[in-house]
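One structure is given below, encoded as structure tokens.
The values are calculated or read from the model by the stated rules, or taken from the named source; none is laboratory data. Since the structure is predicted, the reported quantities are computational estimates derived from the model, not experimental observations. Because the Cβ atoms are built from the backbone with ideal geometry, glycine has one as well, and the counts that use them run over all protein chains shown. Surface accessibility is based on the protein's heavy atoms, side chains included, excluding ligands, DNA and RNA. Shrake-Rupley method; radii C 1.70, N 1.55, O 1.52, S 1.80 Å.
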Amino acid sequence: MTIATVGWVCGAVRLQSLDHNNNNELAFNQDTKLIDCILLRHLLDLTQAKLAKLARLSAPPGTNRATQSILWRDALGTTHVFAERLQTAQRLLNRTDTQLDSATVQFMADAKGMDLAIQKSSAIRETGDLVAHPKPGAICQEAFIQSISRHNVTEEHPGLLAMVKFVMIGTVRS
């Protein structure tokens, strides 16, 4: 699945699988793929936040994980060159005043894991963002209504439907 198709998957494919095929298993598989995109992005954030802490890039106590992940990415600089980003990451983590645990040393030795953690432009991050926060108009009104119908707290349904009506006014889906 490419980044360009994820926005389409968010609404159209999911609805198509429910409306045209009436196949709940297909819908579940699409939902699982979408949730996986979000979970992998979360995993990337957790990894980068942990690396930021280990490199002592952390902001004041109470700073959230997303901010720590940004600190890590910012500390790696603006270059897209893998070797330069890896060298910077190793320098940040191999400080003389820091003793790294075996799990960190093992992770740093894993070329594929480090590659994902230091990428300047991450497909995992972009896809997760697009799935979690689709562009305006990417989700049609019917998708929201179906989601509301499955929502367990039925007393919230009228308020949620009012929200759909409010945000969908004037929205044209291409």
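Computed quantities for the displayed model
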| item | result |
| --- | --- |
| Scope the stretch 59-70; condition open to solvent by less than 70 Å² (accessible area, probe 1.4 Å) and touching a Leu at 6+ places or on another chain (Cβ under 9 Å); matching residues | Ala59, Thr63, Gln68, Ser69 |
| Test: residue in the stretch 128-144 that is in contact with a Lys or Arg (Cβ under 7 Å, 6 or more places away or on another chain) and among the polar types (S, T, N, Q) | no |
| Matching option when the condition is surrounded by 13 or more Cβ atoms within 10 Å (Cβ to Cβ) and at pLDDT 60 or above, among Arg14, Arg91, Arg56, Arg73 | Arg73 |
| Of all residues making up the stretch 125-145, the number that are open to solvent by 50 Å² or more (accessible area, probe 1.4 Å) and either farther than 26 Å from Leu39 by Cα or in contact (Cβ under 8 Å) with a residue 60 or more places away in the chain (or both) | 4 |
| Conditions (1) surrounded by fewer than 10 Cβ atoms within 10 Å (Cβ to Cβ); (2) at pLDDT below 90; (3) of a type outside the set (Ser, Thr, Tyr); (4) under 20 Å from the mean Cα position of the chain (by Cα); number of the one not met by Asp97 | (4) |
| Residue that is nearest to Thr79 (Cα to Cα), among those in the stretch 108-123 that are in a helix (DSSP H, G or I) and open to solvent by less than 60 Å² (accessible area, probe 1.4 Å) | Ile118 |
| Some residue of the stretch 128-148 being touching a Cys at 6+ places or on another chain (Cβ under 7 Å) and polar (S, T, N, Q) | no |
| Close pairs from the stretch 146-170: first in contact (Cβ under 8 Å) with a residue 40 or more places away in the chain and closer than 22 Å to Pro134 by Cα, partner in a helix (DSSP H, G or I) and hydrophobic (A, V, I, L, M, F, W, C), Cβ under 7 Å, at least 6 apart | Gln146/Leu18 |
